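Note sheet for the following structure.
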Amino acid sequence: MAILTAHELTKQYTGEEIPALNHANLAIAAGEFVAIVGPSGSGKSTLLHLLGGVDKPTSGTVQLYDTDVFALNETQLAIFRRRQVGLIYQFYNLLPTLTVQENMTLPADLDGRKIPGAELSDLLATLGLTEKAGALPSELSGGQQQRVAIGRALINHPAIVLADEPTGNLDQRNSQEIMALLRAANTTRGQTLVVITHDPAIAAQADRVLTITDGKLTGGGGNGHH
């Protein structure tokens, strides 16, 4: 059963001749770990941002469960993203004035939801951040900051976690640790995971690898346009 489907998804930026994304079709099943690979500028990030409702397509649709994402108004879309989508970026995007714990619980706080203490402790422990709960991002290593970003992405138990080159800024050891955490979220929490990467070692861990070149997606499945 596909929980996330994209149909004929196209993004054309003004002044660009080639669409950043060209009639992409995609179906992702609940609990699946999908990797999206492709050269720089191929449309990977564009696709990820459209799937997460962060950016709007020129044409085409994205559906998560029964929700037509781009039929939502701005307010509905903000709530939808906060509850259903966990985003992890290459550059962490943590708020510098908030502690580790505050950064992690931000999506829940914005929703007016209190994370039970035991759940928070468990997540901090899983991420190896127990000792750092009160620290600011500036006091953390890159690997630790990315763990906080993962915690923030998982805190609301979103339907889908989208990660854009989550290890792009990290050395090999940290990269392996971050991928192990994401895979654990996928296997133990049943978290659906879409990861953009240019690292073949990461792509090899996925259930399925999609390739994107010049805005054209292959291997997406969904409706037989290949």
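What follows is calculated from the coordinates using simple rules that are stated; it is not laboratory data. Bear in mind the structure is a predicted one, so any value in this text is a computation, not a measurement. Every residue, glycine as well, gets a Cβ built from its backbone with ideal geometry; the counts of neighbours run over all protein chains shown.
Quick notes on this structure:
- All positions within region 1-15 that are hydrophobic (A, V, I, L, M, F, W, C) and in contact (Cβ under 8 Å) with a residue 60 or more places away in the chain: Ala2, Ile3, Leu4, Ala6
- Some residue of region 114-128 being free of Cβ contacts under 8 Å to residues at least 24 places away in the same chain and basic (Lys, Arg): yes
- Taking (1) of a type in the set (Gly, Ala, Ser); (2) outside any strand (DSSP E or B); (3) under 15 Å from the mean Cα position of the chain (by Cα) in turn, Ala163 satisfies each apart from (2).
Residue-wise test of (1) among the small types (Gly, Ala, Ser); (2) surrounded by fewer than 17 Cβ atoms within 10 Å (Cβ to Cβ); (3) in a loop (DSSP other than H, G, I, E, B).
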residue: Leu181; (1), (2), (3): no, no, no
residue: Leu193; (1), (2), (3): no, no, no
residue: His198; (1), (2), (3): no, yes, yes
residue: Ala201; (1), (2), (3): yes, yes, no
residue: Ile212; (1), (2), (3): no, no, no
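- In region 57-95, residue farthest from Asn174 (Cα to Cα) [restricted to those that are touching a Leu at 6+ places or on another chain (Cβ under 7 Å) and small (Gly, Ala, Ser)]: Gly60
- So Pro166, is it in contact with a Pro (Cβ under 6 Å, 6 or more places away or on another chain) and closer than 26 Å to Ala78 by Cα: no
- A single member of Ala118, Ala108 is over 30 Å from Leu21 (Cα atoms), more than 19 Å from the chain's Cα centre (by Cα), part of a helix (DSSP H, G or I) and among the hydrophobic types (A, V, I, L, M, F, W, C), and it is Ala118.
- Scanning region 146-163 for residues that are touching a Pro at 6+ places or on another chain (Cβ under 6 Å) and surrounded by fewer than 22 Cβ atoms within 10 Å (Cβ to Cβ) yields a count of 1.
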